[in-house]
Amino acid sequence: MKDTQKSAKSTAATDKKFEGFTDEERGAMKERAQELKAAAHRSPRGKKADEESAVLAKIAEMPEPDRAMAERLHAVIKASAPALSPKLWYGMSAYAKDGKVVCFFQSAQKFNTRYATFGFNDTANLDEGAMWPTAFALTALTAADEARIGALVKKAVS
């Protein structure tokens, strides 16, 4: 009798369908593969300029209000942390130090979310006790928000 009974846990687990990656996630992975391929073909001399122009082109493709936020973030990040290099990362504008992404901007339409996201990776020096924020939802950028982001970016690369 034991062999024929199934636990509720195993029944529930088999009822779930694994749907895999969303169309948006697959698109981001394809973009990342293209970015890596393009980076491999770039000469070291023009790499920085090529990557920044690719980021600016990606920002120009964004719908409003994400485009305006991405343009302002780009300016704030470049002014606050000139050591960071703009680059595309999974089709998003990102900013790297020594080749490692420190922060990034994800537009709301990228994954069909209700807000854009500005986030930091683990390479950012933002550690503060046992818990600290690594991403922020953005629906608009005020002058105060820009100042806060500028300060966070400076801290992240310190």
Proxy exposure order for E19, E146, E61 (fewest C-beta within 10 Å first) is E19, E61, E146
Residues K100, K87, K110, sorted so that the one with the fewest Cβ neighbours within 10 Å comes first: K100, K110, K87
Under the rule of at least 5 residues apart or a separate chain, name every residue whose amide H is placed under 5 Å from the amide H of S93. F105
Net charge contributed by nearby residues that have their C-beta within less than 12 Å of M92 (K/R +1, D/E -1): -1
When every alpha-carbon pair in the range 74-133 is counted, what percent end up more than 15 Å apart? 53 percent
Under a point-charge model restricted to the Cβ atoms of Lys and Arg (+1) and Asp and Glu (-1), what is the dipole moment magnitude of the range 23-157 relative to its Cα centre, in debye to the nearest 20? 420 debye
Show me 137-145, 115-123 ranked by packing, highest mean number of other Cβ atoms within 10 Å first. 115-123, 137-145
From zero up to wherever the largest Cα-Cα distance of the range 23-157 sits, split into 10 Å bins and tell me the percent of pairs in each. 12, 44, 35, 8, 0
Given a cut-off of 21 Å, name the pairs among K78/K155; K58/K155; K37/K58 whose C-alpha atoms lie farther apart than that in the structure shown. K58/K155
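No lab work stands behind these numbers, since they all come straight from the coordinates. If you're wondering where the values come from, they're calculated on a predicted model, not measured in any experiment. Virtual Cβ from ideal backbone geometry, glycine too; neighbours counted across all protein chains shown.
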